[in-house]
Amino acid sequence: MKYFLLLLLLLQADNNQIIKKIRERYVYINAHIGNYTKQIKDIPDQSTEGGDLTSYFAGDSLVKAVTIFYGEMGKAVTEYYFEGNKVVFIYQVDYQYVVPIYDGTFDRHKTTSFVSRYYFYEGQLIKGIDTTGREMTKEQYRLVFAALQKEEAWVKKYSFQR
């Protein structure tokens, strides 16, 4: 039992180091965003009010992609960070409006936001923080992972269509 606990602690330490490296990666990308080739595409058929895909490339490598999908009652902004064209981090913010954007009483300051964070290593989801700020359970990982893989594939496909 003592060895099992030691192994568990070592694995946790490894994950913490990996997550630290991932954080360094997205901070670096954002600090150097002006050095990348930027590509913006309109995405008309994915949401009620349209959307955009902004992709950032270092040469032929995708380093960051941002999707924004607009709806009358909110919007979803998702940032994808890549290393070697593989996703390493996803930062997702869902904004919910109190009234539709076309309503005369619309006030963007009354918008509620929900943030999720997902960390990946070697193609696997290693940590997820849900909209409550808590680490996801294994069952949540299982449910979310397939959807995130589809999103990543879609983002890469459209980003590389020049």
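Here are a few things to note about the model shown:
- In summary, the lysines within cross-link reach of residue 157, defined as a Cα separation below 19 angstrom excluding same-chain residues under 8 places away, comprise 38, 41, 64, 86.
- Size descriptors for region 89-135, from the alpha-carbon set: Rg then Dmax equal 15.0, 48 Å.
- Under 17 Å of direct C-alpha separation, and excluding same-chain neighbours fewer than eight residues apart, residue 75 reaches these aspartates and glutamates: 42, 45, 49, 52, 94, 103, 107, 151.
- Among 17, 96, 39, residue whose mean-square fluctuation peaks in a GNM of the chain (springs only between Cα atoms under 10 Å): 17
- Phi to ³J(HN,Hα) by Karplus 6.51 cos²θ - 1.76 cosθ + 1.60 over region 63-70, Hz, x for Gly, Pro: 10, 7, 9, 10, 10, 10, 10, 9
- What the phi angles of region 124-138 give under the Karplus curve with 6.51, -1.76 and 1.60, with θ = phi - 60°, is a coupling list of 10, 6, 9, 7, x, 10, 7, 5, 8, x, 9, 5, 5, 7, 4 Hz, glycine and proline written as x.
- As a calculated quantity, the FRET efficiency between residue 25 and residue 45 at R0 = 22 Å, using C-beta atoms, amounts to about 0.10.
- Straight-distance candidates among the aspartates and glutamates for linking to residue 138, with alpha-carbon spacing under 14 Å and chain neighbours fewer than 8 residues away dropped: 130.
- Taking chymotrypsin sites (Phe, Trp or Tyr not before Pro) across region 66-162, the ones in a DSSP loop with at most 12 further Cβ atoms lying within 10 angstrom of their Cβ are 102.
- Net charge dipole, the chain: roughly 580 debye, given to the nearest 20, about the Cα centre with Cβ charges of +1 for Lys and Arg and -1 for Asp and Glu.
- Within region 110-138, backbone nitrogen closer than 19 Å to the virtual label 7 Å beyond the Cα of residue 160 toward Cβ: 122-124
- Relative contact order (%) - the chain, alpha-carbon pairs under 8 angstrom, separation at least six: 13 percent
- Spatial separation of Cα centroids for region 97-141 and region 68-83, in angstrom: 10 Å
Only the coordinates and a few stated rules stand behind these numbers; no lab work does. Not measured: the values here are computed from a predicted model. Glycine gets a Cβ as well: all are built from the backbone with ideal geometry, and neighbour counts include every protein chain shown.
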